[in-house]
């Protein structure tokens, strides 16, 4: 006993010392990250003083450079004007500059020309298409509902177009939030705000035998996505128990859920607005709607004629097999009988059985996007149930709807407000969701602005200042650039929540314009191997949609028509049978539209998009993976799409410059990379195009189409320098 007493103080001291050391190590790993951040109020930080003032173009540079100088690091040299221009174009509008635009810019890359170029790109309607795609990743946009049934959502394209308009108009982000959470309660924004409510209808239903579970799935989805997208919190972890890492008790989860408890979302009539596709070109809209109607009618007529002919053949056979006194009583052939006959007998030819199988796919009840409702003036509208005053929310033990505990009312996050009291609904006009939207969109909310400016940074640099863009909690990556993030958040709010204002600050900074090579890279990689202090620009591979759009733009085949229902891509029929689904590809001119207008069907992601790490549209996608795998080679080099575009590009070049190999090589490089080839590149390419019959050299030879295909497969085409 005495031995135990004597040892106890020693053990206690050792434990305390170990805990202190662990805390110190943890603090050092997190770069002194305060546990309260980012739940504390945003306070505008002072811009730090730095030694290398000439490098500082705006406060962003000062914050980054101060961190670099503290650690004995220095920024990379400035990238070439050509590289910066390509970054701007692909980062802001997702399309390449023309060779003429590049030449004009390079004549005088002065600060004024730089500013004018950025302003031009931010005014381009392609900007909205580019940045809407980022937002659609977050909300997991799709034109079908997903799950085993994967029913179409034929009016969802109006939400996609709404997001594009919002970015093009630089709609204040606080309004953007309010429209998507409670547009039905902010009538001052008009019918446009109603389109934003489709944000609440992006969930993926799961086939349930218990109706209460369907409702639970819906509410869980809405609460989780709302908090992750707007607040950067993984509150879904608090549904069954208190959050293990963040100050998010289960009670807070259900207090947030209470705002959505009466929510109902369904398709409802909503007139087209003045900025929507039907109003921008009414004649073209009517023609497309009529063409789609006629396509479906002709398809159905063909189907009915085939089925009627086959049923009549079976009926005639049945009559022949019947006795004379009951021939007139032979009933018609049912669909089930025809199916059995097709499957079990040799009464129909192989071709007829294949046609019947196609008709069954065309008329399938599930995963069938070929519906007639795309052109109807409807949208997915949210409203509160008429029973909203009697709908109660309970804390559910383990998330089980049968195990109800404490009843809770709508309330905000305790860790942010410091209060666990429910909100006062007395006198509230409209949905209770309005209160939640106002709280999230408030300048006083410490998370909203921080999360959004971090996303903007991420889409320009490939990684956010907080790398886990939808998890700002203690289990996320944290950041060594808290003050920079707070300064950006302050600028965002003070600019009237202008996303374009933040864009200007970022793309005009020296940090953004750094080269991707550094003369002291080997030394600095030992100090900061992950480049978290931003001493050099990281390489960025273009996303799948941008690669496809770039191919079309380079070949001259890109159709810039905006808005409207999605186009049906050309997909291998074997893949569609596996899904299973079916559609007829749209006309070529429609398929040559920007990829944001491509049909997003959850049961079958387009192979080109999938292989280049497109988003999983069943879930919110805050950060796309970037992989390098062999199928990407096949998608670019062997695919029918890229080979067709290579031929189109070659034909375009021949029309523009004729048959001169020198001129063809020059134009091919200008179209593909917006630069002239080097002497070595020019020599090799001209040799490749030469057609000397008696040449015994082993150098590869090919056509202009082959050369275009090679250039479209180069690293420079899919990566930004």
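The values are calculated or read from the model by the stated rules, or taken from the named source; none is laboratory data. Note that the coordinates shown come from a computational prediction; the quantities given were computed from them, not determined experimentally. Heads up, the Cβs are rebuilt from the backbone with ideal geometry, glycines too, and the neighbour counts pull from every protein chain shown.
Quick look at the numbers
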quantity	calculated
Unique residue being under 28 Å from residue 162 (Cβ atoms) and either crowded, with 21+ Cβ neighbours inside 10 Å or free of Cβ contacts under 8 Å to residues at least 60 places away in the same chain (or both) when the list is 503, 557	503
Set 146, 128: member being assigned to a helix (DSSP H, G or I), within 26 Å of the chain's Cα centre (by Cα) and in contact (Cβ under 8 Å) with a residue 24 or more places away in the chain	128
Count of residues meeting criterion [within 10 Å of residue 78 (Cα to Cα) and either surrounded by fewer than 17 Cβ atoms within 10 Å (Cβ to Cβ) or in contact with a helix residue (DSSP H, G or I) (Cβ under 8 Å, 6 or more places away or on another chain) (or both)] in the stretch 506-517	7
Residue within the stretch 611-621 that is surrounded by fewer than 21 Cβ atoms within 10 Å (Cβ to Cβ) and under 30 Å from residue 702 (Cα atoms) present	yes
Among residues of the stretch 479-495, those that are outside any helix (DSSP H, G or I) and touching a residue at least 40 places away in the same chain (Cβ under 8 Å), counted	3
Any hit, the stretch 229-237, residues being surrounded by fewer than 21 Cβ atoms within 10 Å (Cβ to Cβ) and assigned to a helix (DSSP H, G or I)	yes
Residues (farther than 20 Å from residue 93 by Cα and either touching a residue at least 40 places away in the same chain (Cβ under 8 Å) or over 14 Å from the mean Cα position of the chain (by Cα) (or both)) located in the stretch 591-605	599, 600, 601, 602, 603, 604
Some residue of the stretch 385-396 being surrounded by 15 or more Cβ atoms within 10 Å (Cβ to Cβ), within 31 Å of the chain's Cα centre (by Cα) and in contact (Cβ under 8 Å) with a residue 12 or more places away in the chain	no
Failed condition for residue 557, given (1) under 26 Å from residue 670 (Cβ atoms); (2) touching a helix residue (DSSP H, G or I) at 6+ places or on another chain (Cβ under 7 Å); (3) outside any loop (DSSP other than H, G, I, E, B)	(3)
Among the residues listed as 565, 529, 569, the single one being modelled with pLDDT of 95 or more and either part of a helix (DSSP H, G or I) or surrounded by fewer than 16 Cβ atoms within 10 Å (Cβ to Cβ) (or both)	529
Filtered residues of the stretch 406-449 (kept if assigned to a loop (DSSP other than H, G, I, E, B), touching a residue at least 40 places away in the same chain (Cβ under 8 Å) and more than 30 Å from residue 487 (Cβ to Cβ))	409, 410, 411, 420, 422, 429, 430, 431, 432
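Every residue, every condition in (1) in a helix (DSSP H, G or I); (2) within 30 Å of residue 134 (Cβ to Cβ); (3) touching a strand residue (DSSP E or B) at 6+ places or on another chain (Cβ under 9 Å), yes or no:
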residue	(1), (2), (3)
221	yes, yes, no
264	no, yes, yes
271	no, yes, no
287	yes, no, no
295	yes, no, no
299	yes, no, no
307	yes, no, no
317	yes, no, no
320	yes, no, no
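Residue-wise test of (1) touching a strand residue (DSSP E or B) at 6+ places or on another chain (Cβ under 6 Å); (2) part of a loop (DSSP other than H, G, I, E, B); (3) surrounded by 22 or more Cβ atoms within 10 Å (Cβ to Cβ).
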site: 87; (1), (2), (3): yes, no, no
site: 92; (1), (2), (3): no, no, yes
site: 103; (1), (2), (3): no, no, no
site: 115; (1), (2), (3): no, no, no
site: 134; (1), (2), (3): no, no, no
